[in-house]
Amino acid sequence: MFHPLVFDNIKVVLEGAVYDRDFEGSITIIGRMDLATFHRQFQIDFRLADEFGEAKGVFAQMQLRTSLADIAAEQLEQPLTEHIGCTICIHFFMTVTDVQRETEAVAQMLNDIWGNRPYITQTIKAKLDEYQLHWPPKQYENQITLDFHRKIDEGNIEDLRGLVDHTIASLTQLHAVLAKRS
């Protein structure tokens, strides 16, 4: 008989929590990835439901990963890793026009929502094509990453709905940052 991994159990609950919010109408799922290679990764992308069709809106991506060492340690019941579990990262994607002001506002707002717990990084990219060869660009792509720098396991399943709620609250506030710009 198949015994599910920690990853599989957490993935099912996280996926259900996000799909529940989609069903309620507070978000719209816009992408999903589930690949199994030498690691396991589940990824789901979503945005607020009222942003449906907005190409330049804000969207979130939740990634759940486990490594080959975690899978092997769990299956073999051997201590191959310090703590068997999964890592979770949350990414937000949006555009910014005033890099200094908007990235500072984003960091402060996310720290307020998440209680200064996850490590937050922002990666700014500028997309230049043959029709837009001037510098500086009018807007930049910002990938905001929340990394908790720890593994989770089935003992954290109850926290997943809260994680989704915090992610939706973050999307709402990030959307407000964009709305202020307009």
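The values are calculated or read from the model by the stated rules, or taken from the named source; none is laboratory data. Since the structure is predicted, the reported quantities are computational estimates derived from the model, not experimental observations. Cβ coordinates were reconstructed from backbone atoms using ideal geometry, including for glycine residues, and neighbour counts include every protein chain displayed. Ligands, DNA and RNA are stripped out before the accessible areas are found, and what is left, the full protein with its side chains, is counted by its heavy atoms. Shrake-Rupley method; radii C 1.70, N 1.55, O 1.52, S 1.80 Å.
Worth a mention:
- Selection count, the range 102-112, where residues are closer than 14 Å to His175 by Cα and exposed (fewer than 14 other Cβ atoms within 10 Å of the Cβ): 0
- Residue that is open to solvent by 40 Å² or more (accessible area, probe 1.4 Å), under 28 Å from Met33 (Cβ atoms) and touching a residue at least 40 places away in the same chain (Cβ under 8 Å), where the choices are Phe148, Phe92: Phe148
- Residues of the range 7-44 that turn out to be closer than 23 Å to Glu154 by Cβ, modelled with pLDDT of 90 or more and acidic (Asp, Glu), as a count: 2
- Qualifying residue in the range 45-58 (condition: surrounded by 18 or more Cβ atoms within 10 Å (Cβ to Cβ), under 21 Å from Asn156 (Cβ atoms) and either among the aliphatic types (A, V, I, L, M) or modelled with pLDDT under 90 (or both)): no
- Where a residue in the range 37-50 is of a type in the set (A, V, I, L, M) and its partner, wherever it lies, is surrounded by fewer than 18 Cβ atoms within 10 Å (Cβ to Cβ) and modelled with pLDDT under 90, with Cβ under 9 Å and at least six apart: Ile44/Gly31; Ile44/Arg32; Ile44/Met33; Ile44/Asp34
- Residues being in contact (Cβ under 8 Å) with a residue 24 or more places away in the chain, more than 14 Å from Arg47 (Cα to Cα), open to solvent by 20 Å² or more (accessible area, probe 1.4 Å) and of a type in the set (A, V, I, L, M, F, W, C) - total across the range 160-182: 2
- Residue in the range 127-140 that is under 18 Å from the mean Cα position of the chain (by Cα) and within 20 Å of Arg47 (Cα to Cα) present: no
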